[in-house]
Amino acid sequence: MEKLIPGLEGVPLMEAQVGFIDGQKGILEYRGIPIEDLAERSTYEEVAYLLLWGKLPTREEMGKFDHDLRTHRRVKYRIIDLMKCLPENGHPMDALQAAVAALGMFYPAKDVTNQEQNYWSIIRLIAKLPTIVAAFERMRHGDEPVKPRDDLSHAANFLWMLTEEDPDPLDVHIMDACLVLHAEHTMNASTFSGLVVGSTLADPYTMISSAIGALTGPLHGGANEQALRMFREIGTVENVRPYIEAKLKAKARIMGVGHRVYKVKDPRAFALQGLAAHLFKVKGEHPLYRVAQEVERVINEHVGAKGIASNVDFYSGVVYDKLGIPIDQFTPIFAIARVAGWLAHWMEHLKNNRLFRPDQVYTGQHDVPYVSIEQRV
Ligand SMILES: CC(C)(COP(=O)(O)OP(=O)(O)OC[C@H]1O[C@@H](n2cnc3c(N)ncnc32)[C@H](O)[C@@H]1OP(=O)(O)O)[C@@H](O)C(=O)NCCC(=O)NCCS
């Protein structure tokens, strides 16, 4: 019998050059550049270029890419109308997935060997995702969507479209760094899901909508939302220890901690904690920051030795909450960022495409006689 590897843990899928993780040392690099440097010194637009084309852009290349993104932010009114028909109490990730799948009908891009067409699909997807997320947010509260502004950066424009207010420069900096930190993370469930769909030579909109679907789950992107809900449920620093100990005793999962690859604290959690500290210093501490820190301490004490530590989703919630972002928009923001990584892997895989068709270890029966419905018990 072939060896079964549940969850394909540790099984290499392909040769890749987009991102790199060392889970023992807590290293994450995009195209070889440490994530900490990018979060501090780069921008989301530049990082997207880096991921997609494998090098930091020259001033001229950056200018063109940025211009193309800025001029493709608008979405067709029919996409807006489509979202208006969705239940306003539905999850924004579901609205995003539906709208992205629909984009493919407006911008047919079926020939994935056409590089020019792929370029514009990439531009449209990166540019329009924030517009879709912000539009759904506005409409579910009965407000008109806010038109994107070409004079603002990717992060600033997103905040503008959410509130119709000129965004605060510190908020823009924090949002931009958060997008950088979430832009790529090698062969995780959503990237794999996108690659499986991409390997059938389906168009990039379909590929991205499948990756968005995978990201919704609480074991993946959905954990940031769940982590903040947990901090809210705990409420006070005093409640942390009994709450976490009871959960661990019951073998329940603590959201925002643990990782399939990292066996030490996720470098993105360090970076997010740094951003949180900076933001709270200027704008006042988030009431649940101390709860989060205490959760981290108790987790470390009990299961740290097992390699369970804070991941990217642990501190992002308190940061987004402080920026006034609604809790169920945390995962859509993750998607707005990760679309660059998904597309970079998709392009890489297309160069040497092979249809994914894994095997199984069949444990069912054989030669079972068909019994007519009258004779079944
Ligand atoms: C991400 C995750 C699915 C990866 O876990 P995994 O590689 O499948 O780890 P395993 O399920 O093999 O768990 C190994 C051990 O650690 C424990 N563990 C792992 N994550 C845990 C968590 N979040 N809370 C409590 N215990 C956890 C498991 O119970 C298991 O314990 P055991 O050896 O006593 O049975 C898991 O850590 C998790 O569910 N985390 C919470 C969700 C989350 O934050 N996801 C975002 C990831 S970026």
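The values are calculated or read from the model by the stated rules, or taken from the named source; none is laboratory data. Computed from a predicted model, the values in this text were never measured in an experiment. Here Cβ is always computed from backbone atoms with ideal geometry, including for glycine, and neighbour counts include all displayed protein chains. The protein model used for the area step is the full one, side chains on, heavy atoms only, and it has no ligands, DNA or RNA in it. Shrake-Rupley method; radii C 1.70, N 1.55, O 1.52, S 1.80 Å.
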Stretchable slack from Arg376 to Glu2, in nm (0.36 nm times residue separation minus alpha-carbon distance): 131.2 nm
Protection-proxy order for peptides 291-299, 174-182, each taking the mean of Cβ atoms within 10 Å per residue, highest first: 174-182, 291-299
About the Cα centre, charge dipole magnitude for the chain (Lys/Arg +1, Asp/Glu -1 at Cβ), debye: 580 debye
Ordering of 323-336, 46-59 by packing [mean C-beta count within 10 Å, highest first]: 323-336, 46-59
Filter on Lys64/Lys110; Lys55/Lys351; Lys249/Lys322 - keep pairs with C-alpha separation over 29 Å: Lys249/Lys322
Carbon and sulfur %, accessible surface of the range 1-105 computed with the full protein complex present, 1.4 Å: 53 percent
Mean Kyte hydropathy of 1.0 or more with a Cα span along the axis of at least 20 Å, helices from DSSP in the chain: 92-106
Per-residue ³J(HN,Hα) for the range 361-366, Karplus 6.51 cos²θ - 1.76 cosθ + 1.60, θ = phi - 60°, Hz, x for Gly and Pro: 10, 6, 10, x, 8, 10
Net lengthening on full extension, Met62/Glu15 (0.36 nm per residue, minus Cα-Cα): 14.2 nm
Among His185, His286, His154, residue whose mean-square fluctuation peaks in a GNM of the chain (springs only between Cα atoms under 10 Å): His286
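Tell me the relative contact order for the range 274-338 as a rounded percent, counting alpha carbon contacts under 8 Å between residues six or more apart.
Normalised by residue count, the contact order of the range 274-338 is 30 percent.
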Reach of Lys25 by Cα under 21 Å, taken over lysines that are not fewer than 8 positions away in the same chain: Lys263, Lys265, Lys306
Cα-centre dipole for the range 258-317 with unit charges at Cβ (Lys and Arg positive, Asp and Glu negative), debye to 20: 140 debye
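In percent, how large is the relative contact order of the chain, given Cα pairs closer than 8 Å and 6 or more residues apart? Could the numbers behind the result be given before it?
Working: 529 pairs, mean separation 87.6, N = 377.
Result for the chain is 23 percent.
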P(r) of the range 248-377 over all Cα-Cα pairs, binned every 10 Å from zero, in whole percent: 10, 26, 24, 17, 12, 8, 3, 0
Gaussian network model of the chain, Cα within-10 Å springs - most flexible of Asn118, Asn89, Asn157: Asn89
For the range 260-307: rounded, prolate or oblate by the Cα gyration tensor [a/c cutoff 1.5]: oblate
Pair Glu165, Arg229: separation of 7 Å Cα→Cβ label points (nm): 2.8 nm
Area projected by the alpha carbon convex hull of the chain, averaged over all directions, nm²: 23.6 nm²
Residue-span extension gain [Phe280 to Lys147] - 0.36 nm each, minus C-alpha spacing: 44.9 nm
Share of carbon and sulfur in the accessible heavy-atom surface of the range 288-377 [1.4 Å probe, %]: 48 percent
Percent of C-alpha pairs per 5 Å bin, the range 290-335, short to long: 5, 20, 25, 18, 14, 12, 5, 0
By average C-beta atoms within 10 angstrom, highest first, the peptides 253-263, 134-144: 253-263, 134-144
Of Ala309, Ala214, Ala250, the one that fluctuates the most in a GNM where the chain has Cα springs shorter than 10 Å: Ala250
